[in-house]
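Worksheet for the structure shown next.
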Amino acid sequence: MALYFGDLLPYSSLLLEGLWTALYITLVAMLAGSALGVLVYLGKVGPGKPLSILCTCYIEAIRNTPLLVQLYLIYFALPALGINLEPVWAAVIGLTLNNAAYTAEIYRAGFESVPHGLREAGKALGMKPGQIVRYIILLPATRNVFPALTNQLILLFLASSIGSIISLPELTNAIMSVSNTTYRTIEVLAVGGLLYLGVSALMSLASKRAETTLFRWAVGTHV
Amino acid sequence: MFRPFEWQDLIPLAQGAWLTIQLCAVSGILGVIFGLILGIARTSPSRIARWISTIYISCVRGIPVLVIIFFVFFGIPLLFPGLEPDKFASAVIALTCFAAAYVAEIVRGSIEAVAKGQSEAADALGLNYWRKLTYVILPQAVKIMVPPGIGFLIGLVKDSSLVTVTGLLELTHAGNIVTNLTGDPIKTFLVVAGMYFVICYGISRLGRLYEKRTGVHVDPLKLPEPAGI
């Protein structure tokens, strides 16, 4: 079997549009999901017992079921209740709700990794409560959480491919429709795979760069 | 046209769940075998072995599982004419390719987490590379591998739902079929989600039990994130 990539050229804009859709859905879901994740985390560790149980149930339910089934529930089950969603909205809502549970757990791990002794040390040094929260809890926790969050961004980008199953016109969907029209299955899967690989490699490179510039103050220290 | 969701609809769903468990068991075991080889190659002194494994691991980790599944399902019969694995076999091949790369990262992380003094002590005793690996490093690394490995297994169960695109009758696809029969996606997919939850939560409980028994606890922020969303 001879490989021939020429047949794909007329479809390159379709593939790039798919990539663009995948990227923007990922970014929206990442921003909305990590903001919602803060609320879920605060609800879980907060003083309200029923709210805390509710948030724990939410996190466990999302983390122990596949994203595909969650998307099916949003895309196929909600219309039965009279709520019809476009594939884009179903995918954005599904990825956001999913991401919130994962980021909430990342925040928990990040805050738990700051030892208690540090807060007491801050108090002993005469720091004000605001200063303690800012310099002793938030800054080190952000530093600890940052690599896991950027990793989550990459996982979310790869997971956006699942949107193709609910007919969201993103990259995987574009790959399969080009494959169905040109019959150049191997070639288009190779090109599409390289697009995914390239973008996730760029994301991981950018996050390493960002980590070294943002947290230069922390080089060589470990909290 | 549709009939209501009844208790006998649970039978195809339970059969689907059983196929999901079989699929994950087979590809999990194969993934651990290949992942161990890749992970050891990733940390080996041989530069070629390191390169090959690094390229494989980063390629697979940078591509969605769904694309890997399509590649195996449509690509193998095209690349190797005459070879047409059935749906279960293609699903196992795809999930094994994917699992091996993620397990390899866990293996690498665990080998690197073994205290450096252990490796130096083995060198000082004059052990060669393989003896050092099998007698000193791996026995300690295996204990560290288990908690992230459990996390990965849960990811594998969840990602196995994507095999539904090949038409293999696993749990999610069974859910689709029952929905088409009953026209009741709410009940059907809530039951499907519940079944996944039981499988995944059960695995994570086993992991907690292991951590409690052995006292091995691994900081989730320090190891490669498990795959699967």
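The values are calculated or read from the model by the stated rules, or taken from the named source; none is laboratory data. None of these values were measured; they are calculated from a predicted model. Because the Cβ atoms are built from the backbone with ideal geometry, glycine has one as well, and the counts that use them run over all protein chains shown.
Would you be able to tell me the number of residues in the stretch B:161-185 that are more than 10 Å from chain A (Cβ to nearest Cβ), within 17 Å of B:R3 (Cα to Cα) and surrounded by fewer than 23 Cβ atoms within 10 Å (Cβ to Cβ)?
Qualifying residue count for the region: 4.
Restricting to the stretch B:111-162, name every residue that is hydroxyl-bearing (S, T, Y), within 18 Å of B:R42 (Cα to Cα) and touching a residue at least 60 places away in the same chain (Cβ under 8 Å).
B:Y129
Could you tell me which numbered condition B:G194 fails, if it satisfies all but one of (1) part of a helix (DSSP H, G or I); (2) surrounded by 18 or more Cβ atoms within 10 Å (Cβ to Cβ)?
B:G194 satisfies all of (1) part of a helix (DSSP H, G or I); (2) surrounded by 18 or more Cβ atoms within 10 Å (Cβ to Cβ) except (2).
Could we say that A:T172 is in contact (Cβ under 8 Å) with a residue 40 or more places away in the chain, within 7 Å of chain B (Cβ to nearest Cβ), of a type in the set (S, T, N, Q) and closer than 26 Å to B:P77 by Cα here?
Criteria met by A:T172.
Considering (1) touching an Asp or Glu at 6+ places or on another chain (Cβ under 9 Å); (2) crowded, with 22+ Cβ neighbours inside 10 Å, say which one B:I76 fails and leave the rest.
(2)
Looking at this structure, is B:S58 free of Cβ contacts under 8 Å to residues at least 24 places away in the same chain and within 17 Å of B:V142 (Cα to Cα)?
no
Among the residues of the stretch B:44-68, what is the count of those that are at the interface with chain A (Cβ under 10 Å from one of its Cβ atoms) and in contact with a Leu (Cβ under 9 Å, 6 or more places away or on another chain)?
Summing the residues that are at the interface with chain A (Cβ under 10 Å from one of its Cβ atoms) and in contact with a Leu (Cβ under 9 Å, 6 or more places away or on another chain) in the stretch B:44-68 gives 10.
Take the residues in the stretch A:114-137 that are surrounded by 14 or more Cβ atoms within 10 Å (Cβ to Cβ) and more than 14 Å from every other protein chain (Cβ to nearest Cβ); name whichever of them is nearest to A:W217 (Cα to Cα).
Per the stated criteria, the residue is A:I136.
Taking B:T96, is it out of contact with any Ser or Thr (no Cβ under 9 Å at 6 or more places or on another chain) and more than 9 Å from chain A (Cβ to nearest Cβ)?
No, not satisfied.
Given the criteria closer than 24 Å to A:L171 by Cβ and within 14 Å of chain B (Cβ to nearest Cβ), does A:Y107 qualify?
Criteria not met by A:Y107.
Go over the candidates A:L39, A:L97 one by one and state the one that is within 26 Å of B:G155 (Cα to Cα) and surrounded by fewer than 16 Cβ atoms within 10 Å (Cβ to Cβ).
Only one candidate passes the filter, namely A:L39.
In the stretch A:191-203, which residues are in contact (Cβ under 8 Å) with a residue 24 or more places away in the chain and either more than 8 Å from chain B (Cβ to nearest Cβ) or polar (S, T, N, Q) (or both)?
A:V191, A:L195, A:V199, A:S200, A:M203
Go through (1) at pLDDT below 90; (2) part of a loop (DSSP other than H, G, I, E, B); (3) at negative phi and name the single condition B:G82 misses.
(3)
Return yes or no: is A:V45 facing another protein chain (nearest Cβ under 8 Å) and among the aliphatic types (A, V, I, L, M)?
no
Checking A:K44 against (1) more than 20 Å from A:E187 (Cα to Cα); (2) part of a helix (DSSP H, G or I); (3) free of Cβ contacts under 8 Å to residues at least 60 places away in the same chain, only one condition comes out false. Which one?
Evaluating A:K44 over (1) more than 20 Å from A:E187 (Cα to Cα); (2) part of a helix (DSSP H, G or I); (3) free of Cβ contacts under 8 Å to residues at least 60 places away in the same chain leaves (3) as the failure.
Counting only residues that are more than 22 Å from A:I74 (Cα to Cα) and modelled with pLDDT of 90 or more, give me the helices (runs of 4 or more DSSP H) lying completely in the stretch A:89-183 with at least 3 of them.
A:139-159, A:171-182
A:L85 fails exactly one of the following numbered conditions: (1) free of Cβ contacts under 8 Å to residues at least 24 places away in the same chain; (2) within 23 Å of A:G46 (Cβ to Cβ); (3) not in a helix (DSSP H, G or I). What is the number of that condition?
Checking A:L85 against (1) free of Cβ contacts under 8 Å to residues at least 24 places away in the same chain; (2) within 23 Å of A:G46 (Cβ to Cβ); (3) not in a helix (DSSP H, G or I), the one that fails is (2).
Of all the residues that make up the stretch A:49-82, how many are of a type in the set (S, T, Y) and not in a helix (DSSP H, G or I)?
1
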